[in-house]
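Below is one structure, written out as structure tokens; the observations come after it.
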Amino acid sequence: MVFSNGRNIAVLIPCLNEEKTIGKVVDDFRRQLPEATVYVFDNCSTDRAAAIACERGAVVIKEPRQGKGFVVESMFDRIDADYYVMVDGDDTYPADNVQELLEPVLSGDADMAVGARLSDYADKSFRPLHVFGNNLIKVLVNWVGNAHLTDILSGYRVFNRHVVGCIPVVSSGFEVETEMTIQMFYYRLKIVEVPIPYKARPKGSVSKLKTFQDGFKVLWKIFSLFRAFKPLTFFGGMGLLLLLFGVLAGIAPINDYLIDPNHNVRHIPLAILATSLVILSSGCVFLGILLHALNWRFRELHNVLTRKRWI
């Protein structure tokens, strides 16, 4: 796994029932990176994928918890290298572009390079609605991270040891790429995109992605990470919305008070509702400020501990 320049590179391939393609993927990456070690993480395959990968010279590691997020977590925990190449085992990502992805990471210009697929993909390489879903997720993640990425869900990534040490992986399924991207923003690590062609799956190879189920998981992950990483924006926005509703609900009671000579309020339920909404609004804003301060302190502590780890 040691390159002539003294840097270790590991190729990480998650695999679930990819006997049609895994052999070619291992061969292609061994040819492009002859001194790297190729690891295939067998995620409960019921076909000969693991045996084929072993025959082609890959190190096969079994991950019994089914789900891509569990596989990535296992990769981070069990493989020690200076640089990592993560790629799917379905032969849709070209090994020929791996040097282009490695270049910005090896040079230190980026902590992670992502193979961006959406500018050059083959016909039928995406299921119906997948392009729409990718674009929706792209818009939401870019809004959360104030970025301009074009492909959030790409499974072709190169990253350095620092990324593995910083990013906690808690997703269990296909939402792991979204989590990794937003975590990169949160920990202020540099991520760049490298345009790559994206091939259609070879005949006989079947995608494990469930359009609506996995799409919902990705959207929920974006929502959860936005709430966790930007609490002031999230709870402050909720507070302003509740304040607006409170003001609207309070118009009638205030009008009663102003126009009645005895200042009697006829819309008692609306007055109670308006008061409750304003109190909830203040609580949300206060909670957002408190969580923002705690978030900032936790980030400072994380940076200090991470810096000590690399000294």
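Scanning the range 77-107 for residues that are assigned to a helix (DSSP H, G or I) and either without any contact (Cβ under 8 Å) to a residue 40 or more places away in the chain or open to solvent by 40 Å² or more (accessible area, probe 1.4 Å) (or both) yields 77, 78, 96, 99, 100, 103, 106. Taking residue 163 as the residue in question, decide whether it is open to solvent by less than 20 Å² (accessible area, probe 1.4 Å), among the β-branched types (Val, Ile, Thr) and either part of a loop (DSSP other than H, G, I, E, B) or in contact with a helix residue (DSSP H, G or I) (Cβ under 6 Å, 6 or more places away or on another chain) (or both). Taking the combined requirement at face value, the residue does not satisfy it. Open to solvent by less than 10 Å² (accessible area, probe 1.4 Å) and more than 15 Å from residue 157 (Cβ to Cβ) - does that describe any residue in the range 5-17? Checked the range 5-17: at least one residue is open to solvent by less than 10 Å² (accessible area, probe 1.4 Å) and more than 15 Å from residue 157 (Cβ to Cβ). Please tell me if residue 182 is modelled with pLDDT under 90, open to solvent by less than 60 Å² (accessible area, probe 1.4 Å) and not polar (S, T, N, Q). Against the criterion (modelled with pLDDT under 90, open to solvent by less than 60 Å² (accessible area, probe 1.4 Å) and not polar (S, T, N, Q)), residue 182 does not qualify. Of all residues in the range 226-253, count the ones that are open to solvent by 30 Å² or more (accessible area, probe 1.4 Å) and in contact with a Ser or Thr (Cβ under 6 Å, 6 or more places away or on another chain). Residues flagged as open to solvent by 30 Å² or more (accessible area, probe 1.4 Å) and in contact with a Ser or Thr (Cβ under 6 Å, 6 or more places away or on another chain) within the range 226-253 amount to 2.
I'd like to check something: does the range 26-39 contain any residue that is free of Cβ contacts under 8 Å to residues at least 60 places away in the same chain, more than 20 Å from residue 197 (Cα to Cα) and surrounded by fewer than 18 Cβ atoms within 10 Å (Cβ to Cβ)? Looking for residues that are free of Cβ contacts under 8 Å to residues at least 60 places away in the same chain, more than 20 Å from residue 197 (Cα to Cα) and surrounded by fewer than 18 Cβ atoms within 10 Å (Cβ to Cβ), one finds at least one in the range 26-39, hence yes. Among the residues of the range 269-278, are any in contact with a Leu (Cβ under 6 Å, 6 or more places away or on another chain) and open to solvent by 80 Å² or more (accessible area, probe 1.4 Å)? Within the range 269-278 (the criterion being in contact with a Leu (Cβ under 6 Å, 6 or more places away or on another chain) and open to solvent by 80 Å² or more (accessible area, probe 1.4 Å)), the answer is no, since none of the residues qualifies. Condition (residue is in a strand (DSSP E or B) and touching a Lys or Arg at 6+ places or on another chain (Cβ under 8 Å)) applied to the range 27-38: is it met by at least one residue? Yes - at least one qualifying residue is present in the range 27-38. Among the residues of the range 21-43, are any at pLDDT 95 or above, more than 17 Å from residue 84 (Cα to Cα) and among the hydrophobic types (A, V, I, L, M, F, W, C)? Checked the range 21-43: at least one residue is at pLDDT 95 or above, more than 17 Å from residue 84 (Cα to Cα) and among the hydrophobic types (A, V, I, L, M, F, W, C).
Within the range 41-59, being closer than 13 Å to residue 16 by Cβ and touching a helix residue (DSSP H, G or I) at 6+ places or on another chain (Cβ under 8 Å) holds for 41, 42, 43, 49, 53.
Here residue 110 fulfils each of the conditions (1) touching a strand residue (DSSP E or B) at 6+ places or on another chain (Cβ under 9 Å); (2) assigned to a loop (DSSP other than H, G, I, E, B); (3) modelled with pLDDT under 95 apart from (3).
Against the test of being of a type outside the set (Phe, Trp, Tyr), touching a residue at least 40 places away in the same chain (Cβ under 8 Å), in contact with a strand residue (DSSP E or B) (Cβ under 7 Å, 6 or more places away or on another chain) and part of a strand (DSSP E or B), the options 13, 61 yield a single qualifying residue, 13. In the range 146-160, of all residues being touching a helix residue (DSSP H, G or I) at 6+ places or on another chain (Cβ under 6 Å) and open to solvent by less than 10 Å² (accessible area, probe 1.4 Å), the one that is nearest to residue 78 (Cα to Cα) corresponds to 158.
The values are calculated or read from the model by the stated rules, or taken from the named source; none is laboratory data. None of the values given here were measured: they were computed from a predicted structure. A quick note on method: Cβ atoms are made from the backbone with ideal geometry, for glycine too, and the neighbour counts reach across all protein chains shown. Accessible surface areas use protein heavy atoms only, side chains included; no ligands, DNA or RNA. Shrake-Rupley method; radii C 1.70, N 1.55, O 1.52, S 1.80 Å.
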